[in-house]
Amino acid sequence: MIDLRLLREDPDRVRASQRARGEDVDLVDALLSADERRRSSGMRFDELRNEQKSLGKLIPKASPEERAELLKKAEQLKSDVKAAEAEQNEADEAAKRLLLQLGNIVHEDVPVGGEEDFTVLETHGTIRDFGAEGFEPKDHLELGESLGAIDVERGAKVSGSRFYYLTGVGALLELALVNAAIAQATEAGFIPMLTPALVRPRAMEGTGFLGQAAENVYHLEKDDYYLVGTSEVPLAAYHMDEIIDAEKLPLRYAGFSPCFRREAGTYGKDTRGIFRVHQFDKVEMFSYVAPEDAEAEHQRLLEWEKQWLTSLELPFQVIDVATGDLGASASRKFDCEAWIPTQGKYRELTSASNCNGFQARRLSIRYRDGKKTAPLSTLNGTLCAVPRTIVAILENHQQADGSVYVPVALRPYLGGREVLEPIAK
């Protein structure tokens, strides 16, 4: 959540942020009103409690005649205090509900607009000219089936649409990618983590995934657990309700977990193959830093993502994501999009988001610097979303004979294989 002091001192900035996101601007005024009611009801409660305490000291010293009158007044005060406390609690809950609906304050440099209004910051690698090489590229599903690597037909039979099996070299390719990604992250100083896939509501709400993103979350109603769509959730909640000493910062974790997404609202999009699926594995970077270090850490996460995609020898571009596509928690987000030959366009493979203190306030995570405690900043960055990375590798590194070139960085994790070859019919 945002800092309430910012809302009180500069509501126009909060309104501008909401407007840029395409979100409800009236929410700002509703929250200001609720905050004022919360504060005034709190003051009223405090005044009555102080009056009640003062009266309590007078009663033992009063004469019999005065005591009866004071006891009568004390009874009325007791009723007034109870009512004031109820009003304070109600006002506090109302303000909290509204505050949880408000997105993070957008960074001033973020381009304004929707999904297609991003700014391209960098382009890396060379897009292959398959025509010049004398063959038409196949899509990842055709390649994956010929390699005995992907089976979506049986995935649909067992679990429904947007599910799949990785088989043979497909399974080995996932394990290679995960191990290579964890190795890079560990070398960079991240602590590797295997995280829970089921979390309690507070963890999901605290990271900002029960607002506008709730439609894509799987909820187990009987047990009141949520399936995570990213290990960002358990990594962010790992230190909830804790105070971290400043000298321990930055704290960096690389989490591996299965991820689950309903993909609501994407009917008809990317239905072929494994680009957009309900279940996938991912390696996620997560950082806890002091607020003044957040922007520099954001750039570091982006550089580690660029290092990863470069090691896979993929052509990609870096974009500054527009305000309407940020998600509730991020103040700024950079995506790395790999070229997908059969689609003729760049598609998202990784994201790096700066959430500032937004998640830390919701999860009550602070840092201590001397005698001062304050919310720290959290950032997250996808290192390897496995299915999409497999899509990019198969399509970009395919050969005319149907085999697929293995990037040098992955070979140690694939038993030294230099190519993936089709299964003989």
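The values are calculated or read from the model by the stated rules, or taken from the named source; none is laboratory data. None of these values were measured; they are calculated from a predicted model. Quick reminder, even Gly has a Cβ in these numbers, built from the backbone with ideal geometry, and neighbours come from all protein chains shown.
For region 25-45, a residue qualifies if it is within 24 Å of Phe209 (Cα to Cα) and either aliphatic (A, V, I, L, M) or free of Cβ contacts under 8 Å to residues at least 24 places away in the same chain (or both), and the qualifying residues are Val25, Asp26, Leu27, Val28, Asp29, Ala30, Leu31, Leu32, Ala34. Residues that are closer than 19 Å to Ile150 by Cβ and aliphatic (A, V, I, L, M) occur at least once in region 270-292.
For region 161-204, the set of residues classified as surrounded by fewer than 17 Cβ atoms within 10 Å (Cβ to Cβ) and of a type in the set (D, E, K, R) consists of Glu187, Arg200, Arg202, listed by residue number.
Residues in region 186-226 that are in a loop (DSSP other than H, G, I, E, B) and aromatic (Phe, Trp, Tyr) were compared, and the one that is modelled with the highest pLDDT is Phe190. The set of residues in region 241-273 being under 19 Å from the mean Cα position of the chain (by Cα), within 27 Å of Lys371 (Cα to Cα) and exposed (fewer than 12 other Cβ atoms within 10 Å of the Cβ) consists of Asp241 alone. The number of residues in region 316-338 that are in a loop (DSSP other than H, G, I, E, B) and either in contact with a Ser or Thr (Cβ under 6 Å, 6 or more places away or on another chain) or among the aliphatic types (A, V, I, L, M) (or both) comes to 5.
Kindly evaluate Gly229 against the criterion of being in contact (Cβ under 8 Å) with a residue 12 or more places away in the chain, of a type outside the set (Ser, Thr, Tyr), in a loop (DSSP other than H, G, I, E, B) and in contact with a His (Cβ under 6 Å, 6 or more places away or on another chain). Here the answer is no, as Gly229 does not meet what is asked. Any chance you could count how many residues in region 279-299 are in contact with a Gly (Cβ under 9 Å, 6 or more places away or on another chain) and either buried (at least 20 other Cβ atoms within 10 Å of the Cβ) or among the charged types (D, E, K, R) (or both)? Going through region 279-299 one residue at a time, the tally reaches 8. Just one of Arg347, Arg411, Arg361, Arg388 is crowded, with 24+ Cβ neighbours inside 10 Å and of a type in the set (D, E, K, R); which is it? Step by step, each of Arg347, Arg411, Arg361, Arg388 is checked, and only Arg388 is crowded, with 24+ Cβ neighbours inside 10 Å and of a type in the set (D, E, K, R).
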